Structures are given as C-alpha cells and as structure tokens.
1. From the Cα gyration tensor of region 35-80, with a ≥ b ≥ c the square roots of its eigenvalues, which class applies: rounded if a/c is under 1.5, or else prolate if a/b is larger than b/c, or else oblate?
2. Rank 106, 53, 80 by mean-square fluctuation in a GNM of the chain with C-alpha springs under 10 angstrom and give only the top-ranked residue.
3. Arrange the peptides 57-64, 110-117 so that the one whose residues have, on average, the most other Cβ atoms within 10 Å appears first.
4. Give the calculated FRET efficiency between residue 99 and residue 127 to the nearest 0.05, with a Förster radius of 22 Å applied to their Cβ-Cβ distance.
5. Where a ≥ b ≥ c are the square roots of the eigenvalues of the C-alpha gyration tensor, would you call region 70-152 rounded, which needs a/c under 1.5, or, failing that, prolate if a/b is larger than b/c, or oblate?
6. Just the number, please: percent antiparallel of the DSSP beta bridges in region 50-152, rounded to the nearest 5.
7. Which whole-number percentage describes the relative contact order of the chain, with Cα contacts under 8 Å and a sequence gap of 6 or more?
8. What is the distance, in nm, between label points placed 7 Å from the Cα along the Cα-to-Cβ direction at residue 35 and at residue 83?
C-alpha cells in the first residue's frame with residue numbers, strides 16, 4: 001500500500017476516472033469543471049450503516065439538488081452489486097466502482113482490518129478549483145455537509 005499525504009480541507013483532490021454501475025466513465029476533472037462534487041466513500045452495498053447513510057442523502061435529495069452539486073457513492077463493489085443496491089433503495093445518484101480500492105486509498109478512506117483493507121466511511125467535498133472544502137470520516141449530518149458547500 002502506497003503512503004499518501006493525508007488529505008485535509010484545502011488539499012488538492014487527487015484526480016480519478018472510474019466507471020459507474022451502468023458502465024459510464026466518470027472523470028473528476030470533467031465533473032468539477034461544472035460544479036462541486038461530493039464523494040461518499042462507504043464500506044459495502046446493502047450493509048446497515050451504508051444503507052442508512054445513502055438513504056439519508058436520498059431522503060434529502062431536494063436540498064442537495066438545490067445546492068447544485070454532483071454526488072457519488074464510492075466503493076469497490078461490482079456493477080451488479082451497485083445496481084441491486086441502487087435499485088432496492090431508489091438512489092437518485094450514481095455509485096462508482098473503485099476497483100482495487102485505489103481511489104479510496106488516495107483519499108485516505110481506507111483502514112486495515114487484520115490483513116484486509118476496508119473502505120472507511122468518509123465524505124469528501126471537492127470545489128470547482130479542485131481543492132477539498134469538506135473532509136470528514138464517519139457519518140456527518142447532511143445539514144453539516146450542505147452548510148459546508150461553496151456558495152454560488
């Protein structure tokens with residue numbers, strides 16, 4: 001595992017390109033050119049904590065939509081798993097496939113559990129200039145995330 005500088009508010013966000021569950025290519029560089037991005041790194045599809053966190057975003061979708069921000073869930077599960085999870089809970093945002101947990105590692109959203117690397121729940125907000133404006137591990141309240149968004 002390569003060691004990266006820990007990311008904090010004000011750090012440059014590592015650029016990445018990942019596939020979503022439908023096979024579309026998602027490029028951070030292209031996204032931030034249009035509006036800020038929120039990444040919700042989470043350990044597993046269909047797990048209680050992750051379901052609760054992503055459903056809370058879904059339930060407050062109008063507030064996130066009004067904030068005019070791209071939102072993505074990110075973990076290492078495959079397209080089939082992401083599609084089943086998203087369909088079961090009617091997520092209005094896409095889930096990205098972080099094969100090999102490479103992006104999660106770059107963003108410090110990873111921890112070691114015995115010999116296994118597990119994605120740790122982490123929320124990262126990236127401004128249009130590519131800097132991180134929000135970085136918090138765990139399950140921060142949606143109100144706190146929304147409050148941190150750059151003003152238009």
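1. In terms of gyration-tensor shape, oblate.
2. 80
3. Top to bottom by mean Cβ count within 10 Å: 57-64, 110-117.
4. Result of the calculation: an efficiency of 0.25.
5. Taking the square roots of the gyration eigenvalues as a ≥ b ≥ c, region 70-152 is oblate.
6. Close to 70 percent.
7. Across the chain, relative contact order equals 32 percent.
8. Placing both labels 7 Å beyond Cα along the Cβ direction yields 2.7 nm.
Any read-out appearing in this document is the output of simple, stated calculations on the displayed coordinates, not a laboratory observation. The structure displayed is predicted, hence computed values, not measured ones. With ideal geometry, Cβ positions are generated from the backbone for all residues, glycine too; neighbour counts draw on all protein chains shown.
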